[in-house]
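Structure, as structure tokens:
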Amino acid sequence: MAKEKIKDETIKAYALKNAVEHSGKAVVGSVISGLFAEGLKKEEVKEIAAKIGFIVNDVNKMSAELQKVQFEEMKELIGHRDVRDPSELPELPDAVKGKVIMRFRPAPSGPLHIGHLISNMIGSLFVKKYGGKFYVFIDDTNPEETLPEAYKNIKTDCDWIFGNVAEYINSSDRMAVYYKYAEEMIEKNNAYVCTCKQEEFKKLVDNMKECPCRKLSKEENKKRWEKMLDRTDNGYLEGEAVLRFKSNIKDPNPAMRDFPLARINLKEHPKQKKKYKVWPLMNLSVACDDMDYKMTHVIRGKDHADNAKRQKMIFKAFGKEKQFPWTFFIGRMKFTDLILSKRKLKAAIEAGEYESAEDIRLPTIAALRKRGYKPETFAKFATMRGLNDVDKVISQKDIFDVLDRINKED
């Protein structure tokens with residue numbers, strides 16, 4: 001039985017380890033993951049979960065100093081004994097001194113917030129540690145979601161929080177580059193222009209069947225591409241045509257089957273105005289940028305796992321699969337009582353619920369700066385968290401208790 005196999009001291013040792021590595025707050029799920037190395041089986045988890053919860057709760061009540069002292073006394077009890085010093089970043093696989101290239105890609109659709117910090121701060125820190133370049137790509141290829149004021153606000157926030165941005169690049173300034181890549185894929189027979197209705201296309205690919213457009217000749221696809229770009233009455237209208245990547249229609253994951261690369265959007269862009277009619281979707285622009293700027297490492301949320309696979313397919317289409325950046329999917333922090341949707345934050349500010357993005361009741365970077373937090377606080381938090389792929393549910397109070405303690409220490 002699990003109760004007989006796993007001793008309380010072992011559970012406490014894993015709880016202390018987790019707490020020391022994560023700002024004094026152990027998580028039951030992480031402790032359970034560690035206990036699997038001690039022989040705990042999945043079917044036994046329910047039997048022992050309550051006990052683990054009580055022990056984790058007791059450990060989380062301790063001061064950070066006491067947690068460290070007790071862990072030093074108990075670390076021999078656990079299987080994995082090489083605990084990373086929480087004041088130091090973990091090693092980055094395949095990192096070459098002076099040549100680490102990483103990026104942050106915010107969409108200019110609302111104010112940046114604490115969620116962006118938690119996911120992206122560590123990339124900036126790795127570039128500082130090894131040397132190289134940290135880019136910020138402003139993903140402004142969705143005209144109706146792009147806010148004119150966001151360009152300046154993103155730069156202000158990123159200059160303050162990261163302090164090592166090598167260059168700010170607006171995706172919409174690279175449209176000619178994206179078109180060139182798209183046309184090369186059509187030439188290589190890796191992409192085609194689809195005019196099927198969305199419902200019909202979905203029904204076909206869900207059943208692993210090709211749509212009629214997929215079989216068209218290269219010459220016909222070139223004509224259709226030109227028709228997508230055509231601004232006259234002879235051109236396609238919005239919603240009538242989509243550029244698709246020609247992938248494996250039998251792929252076990254439906255999301256990988258002939259995914260879209262570019263679509264027509266006739267909304268006026270705040271920066272480019274009416275200059276462009278066809279806009280790249282994220283997987284096309286990201287893959288092109290990562291190839292051109294020679295990204296070496298990418299750290300992103302788990303929700304981008306499928307996107308990473310799609311982008312790797314694009315790399316492969318250009319014979320650059322070996323240059324695909326090392327990728328890590330960092331665990332998400334799910335806040336129980338914080339609004340992190342940029343659209344909702346923007347709507348709440350516009351509705352007068354908050355004075356501005358600097359309103360100290362908000363979790364925006366502008367508000368955190370106004371509240372007196374320092375960039376070093378978030379750097380230390382990211383360092384302690386390290387490369388952690390475990391999702392964590394946390395309240396506003398708990399996250400700010402940790403940040404306040406770090407901020408006071410500084």
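Regarding the stretch 346-356, can at least one residue be identified that is crowded, with 20+ Cβ neighbours inside 10 Å and assigned by TED's automatic domain parsing to the domain that holds GLY110?
no
Going by the structure shown, is GLU219 under 26 Å from GLU144 (Cα atoms) and acidic (Asp, Glu)?
So GLU219 fails the test.
Out of the residues in the stretch 259-295 that are in a loop (DSSP other than H, G, I, E, B) and of a type in the set (A, V, I, L, M), which is nearest to LYS180 (Cα to Cα)?
Taking the candidates together, the pick is LEU281.
Which members of the stretch 379-397 meet the condition of being among the charged types (D, E, K, R), surrounded by 18 or more Cβ atoms within 10 Å (Cβ to Cβ) and out of contact with any strand residue (DSSP E or B) (no Cβ under 7 Å at 6 or more places or on another chain)?
The answer is LYS380, ARG385.
So the check is Cβ under 9 Å with 6+ separation or different chains; which pairs have a first residue in the stretch 1-20 that's assigned by TED's automatic domain parsing to the domain that holds ALA50 and a second one that's surrounded by 24 or more Cβ atoms within 10 Å (Cβ to Cβ) and modelled with pLDDT under 80?
Correct list of pairs: empty, since none qualify.
Against the condition of a type outside the set (Lys, Arg), under 23 Å from the mean Cα position of the chain (by Cα), surrounded by 16 or more Cβ atoms within 10 Å (Cβ to Cβ) and not in a loop (DSSP other than H, G, I, E, B), how does ALA367 come out, does it pass?
So ALA367 passes the test.
Within the stretch 341-364, which residues are closer than 29 Å to HIS22 by Cα and either in a loop (DSSP other than H, G, I, E, B) or not basic (Lys, Arg) (or both)?
SER341, LEU345, ALA357, GLU358, ASP359, ILE360, ARG361, LEU362, PRO363, THR364 - these are the residues of the stretch 341-364 that are closer than 29 Å to HIS22 by Cα and either in a loop (DSSP other than H, G, I, E, B) or not basic (Lys, Arg) (or both).
Consider the stretch 381-410. How many of its residues are hydroxyl-bearing (Ser, Thr, Tyr) and part of a helix (DSSP H, G or I)?
1
Among VAL127, VAL136, which is the only one that is assigned by TED's automatic domain parsing to the domain that holds LEU368, within 30 Å of SER285 (Cα to Cα), hydrophobic (A, V, I, L, M, F, W, C) and assigned to a strand (DSSP E or B)?
VAL136
State all residues of the stretch 276-298 that are without any contact (Cβ under 8 Å) to a residue 40 or more places away in the chain and touching a His at 6+ places or on another chain (Cβ under 8 Å); if no residue qualifies, say none.
Residues satisfying the conditions do not exist here.
Yes or no: the stretch 110-130 includes at least one residue that is surrounded by fewer than 18 Cβ atoms within 10 Å (Cβ to Cβ) and of a type in the set (Gly, Ala, Ser).
No, the stretch 110-130 contains no residue that is surrounded by fewer than 18 Cβ atoms within 10 Å (Cβ to Cβ) and of a type in the set (Gly, Ala, Ser).
The values are calculated or read from the model by the stated rules, or taken from the named source; none is laboratory data. Keep in mind that this is a model prediction, so the values were computed, not measured. No Cβ is skipped: glycine too gets one built from the backbone with ideal geometry, and neighbour counts run over all protein chains shown.
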